[in-house]
Amino acid sequence: MPKKYHINSKVTPLNLDYVFKFNIERGENCINCGKCTKVCIYEAHKRRKDDPRKMADPNTVVCRNCFRCIQECPRGALEKSLDKDFLNIGGSYWKSDIFITLWKQAEDGKVPVTGAGYRGPFTGSGFDGMWTDMSEIVRPTRDGIHGREYINTSVELGRKLNHLTFDEKGKLLSKVHDTVDIPIPIIFDLPPDNLSPNVKAALVKAAVELNTCIVLPAGDIASDRKKYIKNIIPLISHKEIDKHQGLIKNTRIVAIEYADELLSNFPAAKDKIKKISNALTIIRIPATKSVETIVSKLTQNGAEIIHIVADYRGREVNGSTDYNRRLLKDIIRAVHLKLIDDRIRDEVTIIASGGIAMAEHVPKAMICGADLTAVDLPLLIALGARLYEEPEKLLIIPEGLEKIPVRTLTQRIINLMGAWHSQLLEVMGAMGIREARRLRGESGRAIFFEEIDNDTFGKLFKKRETVNV
Ligand code: SF4
Ligand code: SF4
């Protein structure tokens, strides 16, 4: 049995202001009795260091909203109110709670709990309308997922064989394709180019320490990063293969931007790369309306890995309005089913990205049919970035981030991935799945809200439509 993959999380606060959900204010009528210090297990209330007779200002960042201090204060001196920043951040996809969750995960690498429990809706659009089958949650060994029980979260990138062929003496005739193994079904995707050098360095180092990969524009791979080239996926145009021979020679995977001519030219581009090295090739393709047809054609033409990129809110990239753009969940399902129909699903690895915002999106994307996912914005939110959807996408990198040591930033990204890895283990343990690669396309083990909604009420509404017509 291979060694267990473990992510070493370490509490790593970032001393920058960040959004929090509630403001807690201590009123004038506080008698400094200290009861709130005892009832808050998250240590939001402490006495002042310089004068322990008095209370320090509450630390709202660690508050988990259980309301116990409010209830137990003998003077009713504590008040909670929703923070204005919290109400404004994000938008309809990147809901404000996601920021608090990612920040907390980056802080300590743990799965966050909320003292007040979950009080939101139980369905929504996209991944929110998808529930995973947790029927194995009662297995007696379930609590062993971080201990004795072995759950393998690694995935293989590359083309797999549909079947093996042997000659009459039993000698293997089939050519086994090259593959690259990574221990988590997550790679890091293209960071924005306006990041400070310490943030860029931290993203690369975190990818190296986690033993995953990061996609970087080839022109952005400075000479000091070349020592990490095994964990870097240079992104190039298919016309620049000669120009980047040096990178291709040393890397394990190279990504090329999709262009229509690749539909017929891809074998030539792949051959050119293979003459330089054994690097695998990813074709990076925008999630357009006809993406499943393009993916199928590219696969029939020898594509081994295809990266489908939706917009930052997990929608198709070329629809006129949000309403007629498919969501990532549906895009992945359409691609997966098309490849199955064409009997070529195992010939290609599918990476899905765009709108991967929370830990649960990783197994859900895989259940829909992706082999693995690529994340971008959550890595920056872990470092304090704020994102606003309205009136248009705006990503704000916090002031002062450029002065934070690379080690601190690296550890926060590792913590985030540690928390996501733990949640992946929880989901797989609860589903009774031991191999992450077996999650792919396990849609029979998930419930899709719109399907049961349609099964239950579809006929009713169809009838109504007929009557109206
Ligand atoms: S419990 Fe209330 S009165 Fe006592 S220290 Fe806390 S805020 Fe002040
Ligand atoms: S609401 Fe709960 S978690 Fe928040 S400060 Fe009060 S006791 Fe602590």
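The values are calculated or read from the model by the stated rules, or taken from the named source; none is laboratory data. Here the structure is a predicted model, which means the values were calculated and not measured. Every residue, glycine among them, receives a Cβ derived from its backbone with ideal geometry; neighbour counts consider all protein chains shown. To get the accessible areas, we keep the full protein, side chains included, count just its heavy atoms, and leave off ligands, DNA and RNA. Shrake-Rupley method; radii C 1.70, N 1.55, O 1.52, S 1.80 Å.
Of all residues in the range 161-190, those satisfying the criterion of being part of a loop (DSSP other than H, G, I, E, B) and open to solvent by less than 30 Å² (accessible area, probe 1.4 Å) are S174, P183, I184, P185, D189.
Tallying residues that are over 26 Å from the mean Cα position of the chain (by Cα), without any contact (Cβ under 8 Å) to a residue 24 or more places away in the chain and open to solvent by less than 70 Å² (accessible area, probe 1.4 Å) within the range 229-258 yields 2.
It is to be established whether one or more residues within the range 69-90 are within 23 Å of A382 (Cα to Cα) and near ligand 2 (Cβ under 8 Å from one of its atoms). Looking for residues that are within 23 Å of A382 (Cα to Cα) and near ligand 2 (Cβ under 8 Å from one of its atoms), one finds none in the range 69-90, hence no.
If only one of K4, K21, K38 is more than 28 Å from T212 (Cβ to Cβ), modelled with pLDDT under 90 and charged (D, E, K, R), which one is it?
So the residue among K4, K21, K38 that is more than 28 Å from T212 (Cβ to Cβ), modelled with pLDDT under 90 and charged (D, E, K, R) is K21.
Residue-by-condition table, conditions (1) under 35 Å from the mean Cα position of the chain (by Cα); (2) within 13 Å of ligand 1 (Cβ to nearest atom); (3) in contact (Cβ under 8 Å) with a residue 24 or more places away in the chain:
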{"site": "K21", "(1), (2), (3)": "yes, no, yes"}
{"site": "C40", "(1), (2), (3)": "yes, yes, yes"}
{"site": "R47", "(1), (2), (3)": "no, yes, no"}
{"site": "P52", "(1), (2), (3)": "no, yes, no"}
{"site": "P58", "(1), (2), (3)": "yes, yes, yes"}
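For P112, the conditions (1) open to solvent by less than 30 Å² (accessible area, probe 1.4 Å); (2) assigned to a loop (DSSP other than H, G, I, E, B); (3) within 15 Å of ligand 2 (Cβ to nearest atom); (4) in contact (Cβ under 8 Å) with a residue 60 or more places away in the chain all hold with the exception of (1). Test of understanding: among K171, K110, which residue is within 30 Å of N278 (Cα to Cα) and modelled with pLDDT of 70 or more? It is K171. Applying the selection to the range 47-65, what residues are in a loop (DSSP other than H, G, I, E, B), open to solvent by 30 Å² or more (accessible area, probe 1.4 Å) and either touching a His at 6+ places or on another chain (Cβ under 8 Å) or under 20 Å from Y18 (Cα atoms) (or both)? Residues satisfying the conditions are D57, N59. Of the listed requirements (1) at negative phi; (2) near ligand 1 (Cβ under 10 Å from one of its atoms); (3) part of a loop (DSSP other than H, G, I, E, B), N32 misses just one: (1).
Do we find that I7 is farther than 29 Å from T410 by Cβ, crowded, with 16+ Cβ neighbours inside 10 Å and β-branched (V, I, T) in this structure? Explain how you work it out, then say what you get.
Values: farther than 29 Å from T410 by Cβ: no; crowded, with 16+ Cβ neighbours inside 10 Å: yes; β-branched (V, I, T): yes.
For I7, the condition - farther than 29 Å from T410 by Cβ, crowded, with 16+ Cβ neighbours inside 10 Å and β-branched (V, I, T) - is not met.
Where helices (runs of 4 or more DSSP H) fall entirely within the range 352-469, those with at least 1 residues that are open to solvent by less than 80 Å² (accessible area, probe 1.4 Å) and either over 17 Å from T101 (Cβ atoms) or modelled with pLDDT under 90 (or both) are at 361-368, 406-431, 449-468. Selection of the range 66-82 for residues being open to solvent by 20 Å² or more (accessible area, probe 1.4 Å), of a type outside the set (F, W, Y) and touching a residue at least 24 places away in the same chain (Cβ under 8 Å) yields C66, R68, E72, C73, P74, R75, G76, E79, K80, S81, L82.
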